[in-house]
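One structure below.
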């Protein structure tokens, strides 16, 4: 706009401005309209200079920007509120944790909890079972302690052990029950049970006939039993295995009322 005014002034006749004098204004034949026009132009030019000075001062000041946090800038990850450019705050629930691991009958000492969990995982894979079903920690610890001990007839130590000595050891260590020493005597002194009613801790017998029991083991679950095998020592096998199935002669349960503490070992 100021440039346009300057261009307008250039077209004003020179005699209009040169003949101007404050004391001869009344005597001049200048048109009143032209005088008013000139004064207006001068005022506008002065106003333009002041406007430039003001705008220049405003432009020299640093611009302040305000960051607006929008709703989409806030992200939620598992109950944690995260706002870009600000401190992250986590909200911890005050709800009490559920008790997922309970051992009603075989609770290990506090220092053995970690080992117990590891044994559960280890044997859950081996027995094709869920961890929750393996709550007899004493059984798992006994198996793990004797695992791989080689077989020998008449043995009863960690150097070597036979099948009936191993079942006798398991029943004493895990269930505090005393049973006879030989597999035939164990068969003769246990109550017969149907295979569909078999439980953990029941004995499983093998041989050519009920009068010729030559092998015994302790039932676990899912048709799996632990025993001292002549070929692999202390191990876990399956009742449905092609080797053991035809030799299976039945299952027996130890009566709690019977006491074989005086039986030979």
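What percentages make up the Cα-Cα pair-distance distribution of the stretch 113-256 when the bins are 10 Å wide from 0?
12, 45, 36, 6, 0
Counting other C-beta atoms within 10 Å, which of 164, 237, 183 has the fewest, and how do the rest follow? Display every interim value, and only then the final one.
Details: 164 27, 237 17, 183 23.
Lowest to highest Cβ neighbour count: 237, 183, 164.
Please arrange 243, 123, 175 by counting, for each residue, the other beta carbons lying within 10 Å of its beta carbon, fewest first. Can you show the working numbers first?
On the way: 243 11, 123 20, 175 17.
Ordered by Cβ neighbours within 10 Å, fewest first: 243, 175, 123.
Just grab the label-to-label distance for residue 157 and residue 212, each label 7 Å out from Cα along the Cβ direction, in nm (one decimal).
3.3
When a footprinting reagent is the concern and you count Cβ atoms within 10 Å, what order do 125, 137, 193, 179 take, fewest first? Write out the running numbers ahead of the final one.
Details: 125 10, 137 21, 193 16, 179 24.
By the 10 Å Cβ count, ascending, the order reads 125, 193, 137, 179.
Every read-out reported here was derived from the displayed coordinates using simple, explicitly stated rules and does not represent laboratory data. Keep in mind it's a predicted model, so treat the numbers as computed, not measured. Ideal geometry is used to build each Cβ from the backbone, glycine not excepted, and the neighbour counts take in all protein chains shown.
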